[in-house]
Amino acid sequence: MVKTRRSRKSGPTRKEAILEMATVFFAEKGFRETAIGDIAKMIGVADGTVFYHYKTKEDLFVAVLEKFKEQLIQESRDFLAGQEFADGLAMVKGLVGFYLGLAARMEERFLLLHRHYPYKLAEENPNCRRHLEDIYDFFAGTFEQAIRRGQEDGSIRELPAHKTALLIFTMVDGLVRIGTYRLYQPGSLYDELVDSVQRMLSR
């Protein structure tokens, strides 16, 4: 008789649990005010367990940022794969709405991204800098792709695609940052933002 191995309940691994809890702490308290002991206590492990997986608090932060980057890019690719835009201008508008919606759904992670510390750390840590650059290059590149498509199909006038993509993404991400710190609700300015983008791009 062949014995079957008892299946384990599916769930996050200890390493994944550390990352998830670290994301919450780094987003809500910031890097300096987050203690490894607090993270360990919340998931019921010893401090040494955290340090077994991540040698320093800085390493843990970079791992959190890397995972967030992967989630952002995958969500964006899934969105684009499921859409059929009429033209390049429609794609730009769709990307604006998608990014605002993504930031609303992943508010905690965007708070982490928009804190000062990641950019300070990026001055000294090449991995942190690479993850930040990957995030912004991906979104700016996606807007640029939409603009070039619009220039080919005639829905967007001739202008520097790369620089224009950077400007539009800066506008959209800036609105998200304002919302992150509860200064305004990004959704309340959505129509005005889309109108501004359309005036910038339309023939």
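The values are calculated or read from the model by the stated rules, or taken from the named source; none is laboratory data. Quick caveat, the model's predicted, so the values are computed rather than measured. FYI the Cβ positions are ideal-geometry reconstructions off the backbone, even for glycines, and counts take in every protein chain you see.
See the values below:
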| read-out | value |
| --- | --- |
| Search result, residues across the range 100-120 that are assigned to a helix (DSSP H, G or I), within 25 Å of Q185 (Cα to Cα) and either over 12 Å from the mean Cα position of the chain (by Cα) or at pLDDT 95 or above (or both) | Y117, P118, Y119 |
| Residue in the range 120-138 that is within 30 Å of K57 (Cβ to Cβ) and in contact with a Ser or Thr (Cβ under 8 Å, 6 or more places away or on another chain) present | yes |
| Selection from the range 121-156 of residues that are in a helix (DSSP H, G or I), free of Cβ contacts under 8 Å to residues at least 24 places away in the same chain and over 20 Å from M91 (Cβ atoms) | A122, P126, R129, R130, E133 |
| Scan of the range 44-74 for residues that are surrounded by fewer than 16 Cβ atoms within 10 Å (Cβ to Cβ), closer than 23 Å to F110 by Cβ and free of Cβ contacts under 8 Å to residues at least 40 places away in the same chain, ordered by number | D59, E70, Q71, Q74 |
| Output for the range 17-35, where each listed residue is surrounded by fewer than 19 Cβ atoms within 10 Å (Cβ to Cβ) and either acidic (D, E) or part of a helix (DSSP H, G or I) (or both) | A17, E20, V24, E28, K29, E33 |
